[in-house]
1. Consider Ile70 carefully, then state whether it is out of contact with any His (no Cβ under 8 Å at 6 or more places or on another chain), surrounded by 14 or more Cβ atoms within 10 Å (Cβ to Cβ), without any contact (Cβ under 8 Å) to a residue 60 or more places away in the chain and farther than 30 Å from Leu16 by Cα.
2. State all residues of segment 1-18 that are assigned to a helix (DSSP H, G or I), farther than 13 Å from Ile110 by Cα and not small (Gly, Ala, Ser); if no residue qualifies, say none.
3. Need the failing condition index for Leu83 against (1) touching a helix residue (DSSP H, G or I) at 6+ places or on another chain (Cβ under 7 Å); (2) closer than 30 Å to Leu127 by Cα, just the number.
4. Please work out which residue is surrounded by the fewest Cβ atoms within 10 Å (Cβ to Cβ), limiting yourself to segment 27-50 and to residues that are within 17 Å of Gly82 (Cβ to Cβ) and without any contact (Cβ under 8 Å) to a residue 60 or more places away in the chain.
5. Quick check: anything in segment 101-110 among the basic types (Lys, Arg), in contact with a Ser or Thr (Cβ under 9 Å, 6 or more places away or on another chain), touching a residue at least 60 places away in the same chain (Cβ under 8 Å) and surrounded by 14 or more Cβ atoms within 10 Å (Cβ to Cβ)?
Amino acid sequence: MISVGINAALSFAFFLGVFGIVRRPLDWMAPDNLALDFVPQSIAVALMSALVPALIARKRLGGGVALRSILIRAASFALAGGLLGGALAFSIGVAGPPAIGWGAAVTIKIAYGGVLGALVATLALRLLLSSVRAI
């Protein structure tokens, strides 16, 4: 749940930074590139959702898990996140939807960040715990 909240809040903050606070229609493709924004968002959310919970769990487990394996796993999740974001951007581009309202766009981006964060954190922690049990 911590990952959901953090990633939803970060998605909101970055949305405001990229698209501003002025309520206006946003284009999925140029000039706003709302669809393309799924790529960096997915990379950042996947990276942080894999890294931070695993580091917290590692500390609580007494450091029994190698830091290198956590970093490699987090980088792998970030790469997978980038692929997912790219697939979303491509799919949206092919579909060619009309512009979307600012409020709907920010809601989608917050929800996406929270859901992806929950999924990645859950998978990362399960992998971490399974590696600890295997030791």
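1. On the way: out of contact with any His (no Cβ under 8 Å at 6 or more places or on another chain): yes; surrounded by 14 or more Cβ atoms within 10 Å (Cβ to Cβ): yes; without any contact (Cβ under 8 Å) to a residue 60 or more places away in the chain: yes; farther than 30 Å from Leu16 by Cα: yes.
Yes: the conditions hold for Ile70.
2. The initial filter retains those residues of segment 1-18 that are assigned to a helix (DSSP H, G or I), namely 2-18.
Next, only the ones that are farther than 13 Å from Ile110 by Cα stay: 2, 17-18.
Hits for segment 1-18 are Ile2, Val18.
3. (1)
4. Only one residue fits best here, namely Pro40.
5. Of the residues in segment 101-110, the ones among the basic types (Lys, Arg) are 109.
Now narrow it down to the ones that are in contact with a Ser or Thr (Cβ under 9 Å, 6 or more places away or on another chain): 109.
This time we only want the ones that are touching a residue at least 60 places away in the same chain (Cβ under 8 Å), so: 109.
Subset that is surrounded by 14 or more Cβ atoms within 10 Å (Cβ to Cβ): 109.
Yes: segment 101-110 contains one or more residues that are among the basic types (Lys, Arg), in contact with a Ser or Thr (Cβ under 9 Å, 6 or more places away or on another chain), touching a residue at least 60 places away in the same chain (Cβ under 8 Å) and surrounded by 14 or more Cβ atoms within 10 Å (Cβ to Cβ).
Just so you know, all these numbers are worked out from the coordinates, no wet-lab data involved. Please read these numbers as outputs of a predicted model, since none were measured by experiment. Here the Cβ is made from the backbone with ideal geometry for all residues, glycine too, and neighbour counts use every protein chain on show.
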